[in-house]
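First the structure, in the form of structure tokens, and then the observations on it.
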Amino acid sequence: MFLDKSTFTTVIDSTPLVSIDLVVSNENGEVLLGKRVNRPAKGYWFVPGGRIQKNESLAKAFLRLTQEELGKQYSIKEATLQGPYDHFYDDFVFGDQVSTHYVAIAYQLQVLQSELELPLGQHNEYAWLAVSELTKSSTVHQHTKLYFL
């Protein structure tokens, strides 16, 4: 369920959002990152993922998000739970008047790179990076780096 801007702003200002972050690695052990086009974390390299919608189970959200973010559906049973993480931001999707708090549930997923059809939307570029490279990069968001430290 998508909310109108006013209602969604109230939600973000009042509660944490719950999301799934996809820690995707390919057959070479590289990690998939997308360059974010929206706040928060706009302009940073970040793992794919997205919000869980009201009345949407984790399993259904995982199917939807892998399709939307990777161009191919994967079952949550194909992934390994890494755990929950707090993500705090000083801004939100519509500006900087409200802060954002995500409780991001990270799942590790191994894929064959050739099977993905990466869509442009939340990200305008993609890159496959070695963990040693992404943890040192100033353009990879700190919340993404924490999945590997």
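The values are calculated or read from the model by the stated rules, or taken from the named source; none is laboratory data. Given the structure is predicted, the values throughout are model-derived calculations rather than measurements. Reconstructed Cβ throughout: ideal geometry from the backbone, glycine too, with neighbour counts over all protein chains shown. With ligands, DNA and RNA removed, areas are computed over all heavy atoms of the protein, side chains included. Shrake-Rupley method; radii C 1.70, N 1.55, O 1.52, S 1.80 Å.
Kindly report the accessible area of the chain per residue (heavy atoms of protein chains, probe 1.4 Å, no ligands, DNA or RNA), in Å².
Per-residue accessible area for the chain comes out at 54 Å².
Between residue 80 and residue 124, how high is the FRET efficiency from 1/(1 + (r/R0)^6) when r is the Cβ-Cβ distance and R₀ = 22 Å? Nearest 0.05.
Given R0 = 22 Å and the Cβ-Cβ separation, E is 0.15.
Can you flag which of 60/145; 5/77; 42/72 are past 31 Å Cα-Cα?
With Cα atoms farther than 31 Å apart: 5/77.
Based on the mean of other beta carbon atoms within 10 Å per residue, what is the order of 30-36, 76-82, 48-54, 123-129, most packed first?
30-36, 48-54, 123-129, 76-82
Considering only the chain, what is the antiparallel percent among its DSSP beta bridges, to the nearest 5?
70
Could you give me the radius of gyration and the Dmax of the chain, taking only the C-alpha atoms into account and expressing both in angstrom?
In Å, with Rg to one decimal and Dmax whole: 14.7, 44.
Ignoring ligands, DNA and RNA, what percent of the accessible area of the chain is carbon or sulfur (1.4 Å)?
50
With an 8 Å cut-off on Cα pairs and a minimum separation of 6 or more residues, tell me the relative contact order of segment 58-149 in percent.
23
Report, in deg cm²/dmol and to the nearest 500, the calculated mean residue ellipticity at 222 nm for the chain, where each DSSP H run with n ≥ 4 adds -39500 (n - 2.57) and the sum is divided by the residue count.
Helix contribution divided over all residues of the chain: -5500 deg cm²/dmol.
Mind checking the dipole of segment 1-136: about its Cα centre, +1 per Lys or Arg Cβ, -1 per Asp or Glu Cβ, Debye to the nearest 20?
Its charge dipole is roughly 220 debye.
How long, wide and thick is segment 41-92, going by the Cα atoms along their three principal axes, in whole angstroms, largest first?
33, 22, 22
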